[in-house]
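One structure is given here, and the rest of the page talks about it.
Read the figures in this text as sums done on the coordinates, not as results from a lab. Note that this is a predicted model, so its numbers are computed, not measured. With ideal geometry, Cβ positions are generated from the backbone for all residues, glycine too; neighbour counts draw on all protein chains shown.
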Amino acid sequence: MMVAFKIPEGLLGRVCEDLNRPHPFAAERVGFLSCRVGALKPSGWVVLAHDFHPVADSDYLRDHSVGAMMGPAAIRKALQVALSSEVGMFHVHIHGHRGKPWFSGVDLHETAKFVPDFWHVRPHLVHGAIVLSLDSAAGLCWHPQSPKPVVFSRFSVVGAPMRAWRGENEREA
Amino acid sequence: MKERLKRQSFLGPQSDQILNDCVVAIVGLGGGGSHIAQQSAHLGVSDFLLFDPDRVEDTNLNRLIGATAEDVIAGTLKTSIASRLIKGINPEAAVDCIHGIWQEHHGLLRRCDIVFGCLDSYRDRYELEVAARRYLLPYLDIGMDVHEGDDGFCVSGQVILSMPGHLCMRCLGFLREELLAKEAENYGAAGGRPQVVWANGALASAAVAVFTQLFTPWHKAHAATVYLEYDGNTQCLASSNRLAYMRDKQCPHFVEFRDLGDPFWIPEGF
């Protein structure tokens, strides 16, 4: 199963700029990328980032056990975008280091909890999560008919220059 | 780095891996596309998707790289000639040949990283650019033409890089409604368009250079939009004045990635 993720460089720039802003109390920021999808033969998807939806300052919960905790309003707004725009939603955050990033245990646990909510509003679409570093990225994609997420095979930034990072398919999500 | 690529190590320490991982589609394997296939294989590209519905004919031998007189007799597919050329340079290359028009197999483009368009008609170019934008693919167009003037024939051509999120071929004035309309009026009556190997080669080489510049870190002057105009009478390639004028403008034709992905996407099993 191949999952290729593509994002225009201008959109990625907007994401990074927003996520790097300090928050009044949370240690980090999070947001959602709305995405459209194309089928790949023989099996797989190309996920195409379409727009960025930052989580509003007021939609974070005060939880100092994690870097950032979204409240129910953040999820509700993301669900509304998925419903009204017919898009898959990918949670996105940044780890402030160089090199290949990966999700923490908390990231994986929390993401696995809220992703199925998106199938209530867009049952046919893939949804997931992306983690960025200062110079790389990785992602997971949930398919409605598969209990386990699929690691992005490739993460491409479309622009000048073109940049791409290969996924680590052997990594367990 | 592979031994055969060492002379191009200046392209960057990971350039061989970058080029090896890159999936390149070439639409049209005639005079321009055959040069691009050959040069890309030399460069280290190892995954190709080739589209062309035609078989080689006698009139192609003035320019089609890799084609032989035996191929004309055998009626060899143009994609097969390009595949043979690529595999002769890099036997490990994966070459997917599509003997047909790309529009009937457009879904295959989704897995690519870049599309080279080496097409004859404006309509085909327009449709291919639209398809490339839909799947966030850079589109590199080449083409040449010959016009008769007072002093003889004028050979001209273009290399255009159309990048999603940036200026398109309509913004650059290369695709215009009157050209599309005129072409539609003359549909079926155009006859063979003049082509010559050195002009095809010059344009293809420039396109491969633009591609290499886009994907490898050999220098830092990256351009998201390229419009090179070719004067085949003086053998000059120069950046278009139109691009200089339009450089800071926004593309109004492909607005904010509104039309991305499959229009109706239902996963298998639903």
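General remarks:
- Taking the stretch A:2-166 and dividing mean pair separation by its residue count, relative contact order in percent (alpha carbons under 8 Å, at least six apart): 24
- GNM top mover of A:Arg122, A:Arg36, A:Arg76 - chain A, alpha-carbon springs below 10 Å: A:Arg76
- Comparing B:Met163, B:Met246, B:Met144 in a Gaussian network model of chain B (Cα springs below 10 Å), the most mobile by mean-square fluctuation is B:Met246.
- Summarising the amide proton neighbourhood of B:Cys22: residues at separation of 5 or more, or on other chains, whose placed amide H is nearer than 5 Å comprise B:Ser46.
- Peptide B:11-21, shielding by other chains (average Cβ, 10 Å cutoff): 1
- This model, with +1 at the C-beta of Lys and Arg and -1 at the C-beta of Asp and Glu, gives the protein assembly as shown a dipole about its Cα centre of some 1140 debye.
- Amide hydrogen proximity for B:Tyr227: with H placed 1.01 Å from N in the peptide plane, the residues at 5 or more positions away or on another chain lying under 5 Å are B:Leu161, B:Ser240.
- Whole-angstrom gap from the stretch B:120-155 to the stretch B:34-111, using each part's C-alpha centre: 19
- Members of A:Lys6/A:Lys41; A:Lys41/A:Lys148; A:Lys77/A:Lys148; B:Lys182/B:Lys249 lying beyond 22 Å, as alpha-carbon distances in this model show: A:Lys77/A:Lys148; B:Lys182/B:Lys249
- Cα gyration tensor shape of the stretch B:12-246, rounded if a/c is under 1.5, else prolate or oblate by comparing a/b with b/c: rounded
- Under the criterion of Cα pairs below 8 Å and six or more residues apart, the relative contact order for the stretch B:12-246 equals 22 percent.
- When the stretch B:102-152 is described by a simple charge dipole with +1 on each Lys and Arg Cβ and -1 on each Asp and Glu Cβ, the residue from B:Leu140, B:Gly152, B:Leu108 located farthest towards its positive end is B:Leu108.
- P(r), alpha carbons of the stretch B:62-164 - 5 Å bins starting at zero, rounded %: 2, 10, 16, 18, 19, 17, 10, 5, 2, 0, 0
- Normalised by 2.2 N^0.38 Å, where N counts its residues, the alpha-carbon radius of gyration of the stretch A:62-173 equals 1.09.
- Among A:Ala78, A:Ala138, A:Ala68, the largest mean-square fluctuation in a Gaussian network model of chain A, built with springs joining Cα atoms closer than 10 Å, belongs to A:Ala68.
- Evaluated with a Cβ-only charge set (Lys, Arg +1; Asp, Glu -1), the stretch B:12-246 carries a dipole of roughly 640 debye about its Cα centre, given to the nearest 20.
- Extreme residue, positive dipole direction of the protein assembly as shown, given options B:Val27, A:Met70, A:Gly44 (C-beta unit charges): A:Met70
- Each Lys or Arg adds one and each Asp or Glu subtracts one; over the other residues with Cβ under 11 Å from the Cβ of A:Val87, this totals 0.
- Relative exposure of A:Val47, B:Val208, judged by other C-beta atoms within 10 Å (fewest first): B:Val208, A:Val47
- Loop-located trypsin sites (Lys or Arg not before Pro) in the stretch B:148-257 (DSSP state other than H, G, I, E, B) with a sparse environment of at most 14 neighbouring Cβ atoms within 10 Å: B:Arg176, B:Lys220, B:Arg247, B:Lys249.
- Under 5 Å, built H, 5+ apart or other chain: amide partners of B:Phe116: B:Ala25, B:Ile26, B:Val27, B:Leu140
- Among the chymotrypsin sites (Phe, Trp or Tyr not before Pro) in the stretch B:107-216, those placed in a DSSP loop whose Cβ has at most 13 other Cβ atoms within 10 Å are B:Tyr187.
- Helix-only CD estimate at 222 nm, as mean residue ellipticity for chain B, using -39500 (n - 2.57) per DSSP H run (n ≥ 4): -9500 deg cm²/dmol
- ³J(HN,Hα) computed for each position of the stretch B:165-170 - Karplus, 6.51 cos²θ - 1.76 cosθ + 1.60, integer Hz, glycine/proline x: x, 10, 4, 9, 6, 6
- Per the Cα gyration tensor, the protein assembly as shown maps to an equivalent ellipsoid with semi-axes of 42, 22, 21 Å, ordered largest to smallest.
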